[in-house]
Amino acid sequence: MSTDELAISIGEIGSMYEAKELHILPEFQRLFRWGPQKKSDFIESLLVGIPIPPAFAYEREDATWELIDGLQRISTVLEFQGLLRDPDNPDKLCDPTTLVGAKYLPGLDGVGWVHGGADGKGIGKELQLFIRRARIDFQILKYPSDATTKFDLFQRLNRGGAYANAQEVRTCAMVLANEEATRKIREIAKSEPFRTVFRVNEDQSKIQKDVEYAVRLLAHASKAYEGKLDVEEFLDKAIIELLQEDNWNAFLDDAVWSVETLHAIDGDKVLLPPKNIEFKTVERFALRSLEVIAVGVLINASAIKALPKPEEFVRERITKFWMQTSALEGMSGAGQRGTTRWGKTLPFGMDWFDPRSAK
């Protein structure tokens, strides 16, 4: 893949963004988390001439650019100028920034692009022009030939950032690979049956724990784990492969059916161990239940749906699963690595919910 390096003025960046020639994915923009002090420090850095690290974008097929690294910096200058669009409502602009606590240019405190705080102080025409003429280096990655390349580039540039967890970065990269499929996955994860079955609360939803559970369910049900990757690497690889398959939509429909079936059986208790089992375990949701029960049902969805009474079959198999003391002991244990657990939970669930094995 070829790369161009260009120095783009902030004025040009704003014009490209307004003309929708520079795109910031809504999923990506939601990770814009610099506070007032950090934003102010960056604007001050532009004015005093401190070098700015380059931003990265990839060139789309229509020759427009998609920002893939540099979100905090680019969003800051757009927001300060009053140009940044609300990620949840593209027809609405975000409130412009008012600068605070400038270290080298104390006169900037309380200043906005046009007007600032209570005194209505603006930065002035001269400094507006200075900022517009300031340049940020862009590395432009030429249009990638496939979704995997885009996904990998985004992951390499953004993994380990201070403002996003692994799933938040993964979700942005998933959008690059297949926006329509990612939207449907998010809809599944945000649905009432899903959040109830996996016991996702509001705080967890804010950090995309619901989407992470959905990715785990889909990744394990669609791709075999071969023991060569760590947890995050496997989830990255498996979900992007699924998003590129022709049958992703039908597979997600099976996932919806599986979750709704589990929800109908016992709501938010369907993945919890019953209180009366011999195996001593805390009555709470654990990944073990996702990997055995939810994944097992999804893997066998077609065969289960063909049964005369599919919901009764799933209910019976869940009840009997919690009676498998020796199996449960092997799937638990403090300090057990996720990838070690997978070697026990995933094969067990796939076989346990297979109607042919259950006879």
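The values are calculated or read from the model by the stated rules, or taken from the named source; none is laboratory data. Small disclaimer: the values here were computed from a predicted structure and weren't measured. When we count neighbours, we look across all protein chains shown, and the Cβ atoms used for this are built from the backbone with ideal geometry, even at glycine. Surface areas here come from the heavy atoms of the whole protein model, side chains and all, with no ligands, DNA or RNA. Shrake-Rupley method; radii C 1.70, N 1.55, O 1.52, S 1.80 Å.
I want the antiparallel fraction of DSSP beta bridges within the chain, as a percent rounded to 5.
65
By how many degrees, 0 to 90 and rounded to 10, does the Cα axis of helix 209-222 deviate from the longest principal axis of the chain?
50
Once you keep just the Cα pairs under 8 angstrom separated by 6 or more residues, what percentage relative contact order results for the chain?
It rounds to 14 percent for the chain.
Quick one: accessible surface of residue 257, probe radius 1.4 Å, all protein chains present, in square angstrom to the nearest 10.
For residue 257, solvent-accessible area is about 60 Å².
Using a 7 Å offset from the Cα along the Cα-to-Cβ direction at both residue 142 and residue 230, what is the distance between the two label points in nm, to one decimal?
3.4
So between residue 156 and residue 6, what do we pick up on full extension, going 0.36 nm a residue minus the alpha carbon distance?
My answer for the length gained is 51.9 nm.
Which pairs in the list 206/228; 38/237; 190/223; 20/184 are over 28 Å apart, alpha-carbon to alpha-carbon?
Among 206/228; 38/237; 190/223; 20/184, the Cα-Cα distance tops 28 Å for 206/228; 38/237.
Quick check: pseudo-label points 7 Å beyond the Cα along Cα→Cβ at residue 21 and residue 275, how many nm apart are they?
For residue 21 paired with residue 275, the spin-label model returns 6.7 nm.
Identify the residues of segment 186-202 with backbone N under 14 Å of a label point that sits 7 angstrom from the Cα of residue 264 along the Cα-to-Cβ direction, or state none.
Residues 193 fall inside that zone.
What is the percent carbon and sulfur in the accessible area of segment 305-346, measuring with a 1.4 Å probe over the protein chains and ignoring ligands?
The value for segment 305-346 is 52 percent carbon and sulfur by accessible area.
Taking amide hydrogens as modeled 1.01 Å from N in the peptide plane, which residues meet the under 5 Å criterion relative to residue 138, leaving out close sequence neighbours?
Close amide H contacts, sequence-distant or interchain: 6, 7, 8, 55.
If the chain between residue 165 and residue 340 were fully stretched, how many nm would it gain, using 0.36 nm times the residue separation less the Cα-Cα distance?
60.7 nm
Measuring from label point to label point, each 7 Å out along Cα→Cβ, what is the residue 95 to residue 309 span in nm?
So the two model labels end up 5.8 nm from each other.
For segment 10-154, calculate the relative contact order in percent as a whole number, restricting contacts to Cα pairs under 8 Å that are 6 or more residues apart.
28
Which whole-number value in Å² is the accessible area per residue of the chain, probe 1.4 Å?
48
Please find the FRET efficiency linking residue 357 to residue 286, where r is the Cβ-Cβ separation and R0 is fixed at 25 Å, and quote it to the nearest 0.05.
The calculated FRET efficiency here is 0.60.
Roughly how many percent of the accessible protein surface of segment 22-105 is carbon and sulfur, given a 1.4 Å probe and a whole-percent answer?
Solvent-exposed carbon and sulfur of segment 22-105 make up 53 percent of the total.
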